[in-house]
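Report on one structure; see the data block that follows.
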Amino acid sequence: MSQKRKVQRARRAEQEEKKARTIINWIFGVLIVLALAFVVISMLSSM
């Protein structure tokens, strides 16, 4: 029983780490898109 519990915990920790990486990648992606939008808007408004 104890061995089964350890395997389940390890699997759950692995899934949580994978979800965390996905969320971090989405956050960085959104930040990059916002930065590009800011650059475009600032270049257009300076014309």
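Here is a check on your reading of the model: is Ile24 open to solvent by 90 Å² or more (accessible area, probe 1.4 Å), part of a helix (DSSP H, G or I) and aliphatic (A, V, I, L, M)? Step through it out loud before you land on a result.
Values: open to solvent by 90 Å² or more (accessible area, probe 1.4 Å): no; part of a helix (DSSP H, G or I): yes; aliphatic (A, V, I, L, M): yes.
Against the criterion (open to solvent by 90 Å² or more (accessible area, probe 1.4 Å), part of a helix (DSSP H, G or I) and aliphatic (A, V, I, L, M)), Ile24 does not qualify.
Considering (1) open to solvent by less than 90 Å² (accessible area, probe 1.4 Å); (2) modelled with pLDDT of 95 or more; (3) not acidic (Asp, Glu), say which one Ser2 fails and leave the rest.
(2)
The values are calculated or read from the model by the stated rules, or taken from the named source; none is laboratory data. Just so you know, these numbers come straight off a predicted model, no measurement behind them. Please note that ligands, DNA and RNA were not included when accessible areas were found on the heavy atoms of the full protein model with its side chains. Shrake-Rupley method; radii C 1.70, N 1.55, O 1.52, S 1.80 Å.
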